[in-house]
Amino acid sequence: EYVILNGEFIERSEAKVDIEDRGYQFGDGVYEVIRIYNGKMFTADEHLERLLDSGKKIDLNIPYTVGELKQLLEKMILKNKMELGIVYMQFTRGASPRNHAYPGADVLPAFTAYTRKAERPVDSMKNGVKALLIEDIRWLRCDIKSLNLLGNIMAKQKAAQSGCYEAIQHRGDTVTEGSSSNIAIVKEGKVYTHPATNLILNGITRRKINEICHENGIAVEESAFTLEGLKHADEVFMSSTSAEITPITEIEGKPVGSGTPGPVTKSLQDLFEKEIE
Ligand code: PDD
């Protein structure tokens, strides 16, 4: 199995990173997860543009174009004969003696990427999943796909411990997003999802869903909703690269709407399915 280390293909067991890599010490870097369906990356351009953008937002200059990155990743997917899975990639600010301030321009970013087999979560998508609520304690730049994920992993762990699939985060009254997904509600046939501000990651799946809504005459509004709105929603779903569109049918032990995946969520799933074929 091949991985990418600083632009070169090597065997995974040969890949070594420095113990003073800033990703390792500070979480100083950015990442992406891209889906592979039928041996091809899904929405690769959008993910790679977001990666370069996340880099810019933390003054980390990624020395590749979207086209160059895509070529490298496609090559790795071929080499690993990956049909259904994900690509993980990250850029850190490189290795240099530990110091909070950035190193000089002579220190190059460290680039790693690998592929991994991953099935589509068919059971959860069909039957829905449980979620709990948790205060969003993260920083105020959740728009950056940063390697710093402590708030997210602590939220997910709480969900896992309670037998839930996702933790729905809220800042006070306002629902922001899941621990590793975006959250949307459906009320009287209309989809509501948090606007793409600094408080959420502007998910590629989320954007695809908004597009699908516009193209198919499904009403959608990018406006924040409250815990009260969530509680009285007809349908709730989460979206992400790995979870695609997964219905949330129970929150804090109470059924959402009828307690089964709703009609709008199901039609969005069908329309999304057509995009990935
Ligand atoms: N999740 N919000 C957060 C905090 C995330 O970590 C993710 C991605 C999303 C959804 O973004 P996208 O649709 O671009 O994957 C929102 C990881 C990568 C995943 O579950 O695959």
Query raised in the report: Going by the structure shown, is residue 29 buried (at least 19 other Cβ atoms within 10 Å of the Cβ), modelled with pLDDT of 95 or more and within 28 Å of residue 121 (Cβ to Cβ)?
Result: yes
Requested in this report: Have a look at 125, 154 and point out the one that is surrounded by fewer than 16 Cβ atoms within 10 Å (Cβ to Cβ) and either part of a helix (DSSP H, G or I) or at pLDDT 95 or above (or both).
Outcome: 154
Report task. Using the structure shown, decide if residue 230 is crowded, with 20+ Cβ neighbours inside 10 Å and among the aliphatic types (A, V, I, L, M). Result -> yes
**Report entry** Given (1) small (Gly, Ala, Ser); (2) more than 19 Å from the chain's Cα centre (by Cα); (3) at pLDDT 95 or above, index of the condition residue 159 fails
**Finding:** (2)
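The values are calculated or read from the model by the stated rules, or taken from the named source; none is laboratory data. Fair warning: this is a prediction, and the values are worked out from it, not measured in the lab. A quick note on method: Cβ atoms are made from the backbone with ideal geometry, for glycine too, and the neighbour counts reach across all protein chains shown.
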